[in-house]
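Below is one structure, written out as structure tokens, with a few remarks after it.
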Amino acid sequence: MRIKAVLFDMDGVLVDGKEWHYEALNTALRKTSLGVIKKENHIKIFDGLPTKKKLDIYSETTPLTKYQKEKAYALKQEETRNLIKKYCKKNNIHVELMNFLKKENIRTACWSNAIRTTMEEMLSRSELLSYMEFLISNEDVEKPKPSP
């Protein structure tokens, strides 16, 4: 049986941006005077979840108004973009893999629990976006992570 397509996860596979998401969220929380999430709690409770879900969970122990959630969300997205611009770079091994898959006529796509603009920015800066036939972001599904 011949492989016809490969579906890649983005964070931790094509782009190692997990730390950026953690740092961006805490920066947003600090800027809105809402505290911070300790590293061990982020790993245990929040890691891999969409920002809105993280803020919902965080508000269970630190009450947040709708305005505070919206402000923290917007700041988190802005900080994530800043960190992507600063740290996201081309990985030659990934580009070689994509060239091989293209040469073999194997279709490629990418999914992520990130929002679409974050996916596009990360894949663009890592020079992988042009290889993807389509993207699936957390905005494209009815129930993002942790829903299967």
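The values are calculated or read from the model by the stated rules, or taken from the named source; none is laboratory data. Model, not experiment: these values are computed from the prediction. Please note: Cβ atoms are built from the backbone with ideal geometry, for glycine as well, and neighbour counts cover all protein chains shown. All accessible areas refer to the heavy atoms of the entire protein, side chains included, with ligands and DNA or RNA removed. Shrake-Rupley method; radii C 1.70, N 1.55, O 1.52, S 1.80 Å.
Overview of results
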| quantity | calculated |
| --- | --- |
| Single unsatisfied condition, A28 versus (1) open to solvent by 50 Å² or more (accessible area, probe 1.4 Å); (2) under 15 Å from N82 (Cα atoms) | (1) |
| Counted residues, region 1-44 - those being closer than 26 Å to S124 by Cβ, part of a loop (DSSP other than H, G, I, E, B) and of a type outside the set (A, V, I, L, M) | 4 |
| Verdict on S124 being out of contact with any His (no Cβ under 9 Å at 6 or more places or on another chain), open to solvent by 50 Å² or more (accessible area, probe 1.4 Å) and not aliphatic (A, V, I, L, M) | yes |
| Unmet criterion (only one of (1) under 29 Å from V95 (Cβ atoms); (2) charged (D, E, K, R); (3) surrounded by fewer than 19 Cβ atoms within 10 Å (Cβ to Cβ)) for K52 | (1) |
| Out of K69, K143, sole residue that is without any contact (Cβ under 8 Å) to a residue 24 or more places away in the chain, charged (D, E, K, R) and buried (at least 17 other Cβ atoms within 10 Å of the Cβ) | K69 |
| Residue under evaluation P63, criteria (1) assigned to a helix (DSSP H, G or I); (2) open to solvent by 70 Å² or more (accessible area, probe 1.4 Å), criterion not met | (1) |
| So Y22, is it open to solvent by less than 30 Å² (accessible area, probe 1.4 Å) and in contact with a helix residue (DSSP H, G or I) (Cβ under 8 Å, 6 or more places away or on another chain) | no |
| Selection from region 33-47 of residues that are open to solvent by less than 30 Å² (accessible area, probe 1.4 Å) and either under 15 Å from the mean Cα position of the chain (by Cα) or of a type in the set (D, E) (or both) | H42, F46 |
| The lone exception for K90 - which of (1) part of a helix (DSSP H, G or I); (2) loosely packed, with under 14 Cβ neighbours inside 10 Å it fails | (1) |
| Contacts under 7 angstrom Cβ, first residue in region 32-55 being at positive phi, partner surrounded by fewer than 16 Cβ atoms within 10 Å (Cβ to Cβ) and part of a loop (DSSP other than H, G, I, E, B), 6 or more apart | G35/T62; G48/K145 |
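Okay, residues lined up against (1) assigned to a helix (DSSP H, G or I); (2) modelled with pLDDT under 95; (3) open to solvent by less than 50 Å² (accessible area, probe 1.4 Å):
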{"residue": "L75", "(1), (2), (3)": "yes, no, yes"}
{"residue": "I84", "(1), (2), (3)": "yes, no, yes"}
{"residue": "T108", "(1), (2), (3)": "no, no, yes"}
{"residue": "N113", "(1), (2), (3)": "no, yes, yes"}
